[in-house]
1. What is the local net charge at residue 26, summed over the other residues whose Cβ is closer than 14 Å to its Cβ (Lys, Arg +1; Asp, Glu -1)?
2. Per DSSP H run of n ≥ 4, the term is -39500 (n - 2.57); total these for the chain, divide by its residue number, and report the mean residue ellipticity at 222 nm rounded to 500 deg cm²/dmol.
3. Give the Rg/Rh ratio for the chain, taking Rg as the radius of gyration of the Cα atoms and Rh as the Kirkwood radius, to two decimals.
4. Highest mean first, how do 32-38, 68-74, 79-85, 7-13 rank when packing is the count of other Cβ atoms within 10 Å averaged over residues?
5. Over 20 Å between C-alpha atoms is what I'm after, so list which of 80/108; 78/108; 87/119 land there.
6. Summing Lys, Arg as +1 and Asp, Glu as -1, what charge do residues with Cβ under 15 Å from the Cβ of residue 92 carry, residue 92 excluded?
7. Note down the net charge around residue 115, summing +1 for each Lys or Arg and -1 for each Asp or Glu among other residues with Cβ under 11 Å from its Cβ.
8. Shape call for the stretch 74-136 from the C-alpha gyration tensor, a ≥ b ≥ c root eigenvalues: rounded (a/c under 1.5), prolate (a/b greater than b/c) or oblate?
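Please treat every number below as a calculation from the coordinates, not as lab data. Predicted, not measured: the structure shown is a model, and the values here were computed from it. Every residue, glycine among them, receives a Cβ derived from its backbone with ideal geometry; neighbour counts consider all protein chains shown.
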Amino acid sequence: MNPKLNCILLIDDDEPTNFLNKMTLEQSGCASYIRIAQGGQEALNYLEDCGQGDSPRPDLIFLDINMPAMDGWEFLEKYKLLPDGHKADIVLIMLTTSLNPDDEVRTKTIPEVSGFENKPLSQERLRMLLDRYFGE
């Protein structure tokens, strides 16, 4: 059995995708809190406020690549600049519909990115990810 994570943060501008992914996460019972940021700046603001009030620090982040205003790549550039305490030990997975093979190759050059998966999230893939990054 996987340990229950404290918090998972979904960063995606697509509401139906957030609904489906949140439902998958809730059905798995793998996290105490599931937070959604509908864009990169909203996610950065959330991470800067972690540990205060209703902002638990995420153990796992699912990040979309293609978003308006600030895409996943721009988010990652700003994420790297956060103080270590705001990002230490966070597993960050790119979760995208991108069919561009260059996107997956690019993620492998970014140390902050732990993995690359296609949307939508499934129970099977979620179990695999939890085993890989949080299993004993």
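1. +3
2. On the way: 6 runs with 54 residues, N = 136.
Value at 222 nm, helices only: -11000 deg cm²/dmol.
3. Numbers: Rg = 13.7 Å, Rh = 14.9 Å.
Taking Rh as the inverse mean 1/r over Cα pairs, Rg/Rh reads 0.92.
4. 7-13, 32-38, 68-74, 79-85
5. 87/119
6. -4
7. Its environment carries a net charge of +1.
8. Details: a/c = 2.19, a/b = 1.16, b/c = 1.89.
Oblate, since a/c reaches 1.5 and b/c is not below a/b.
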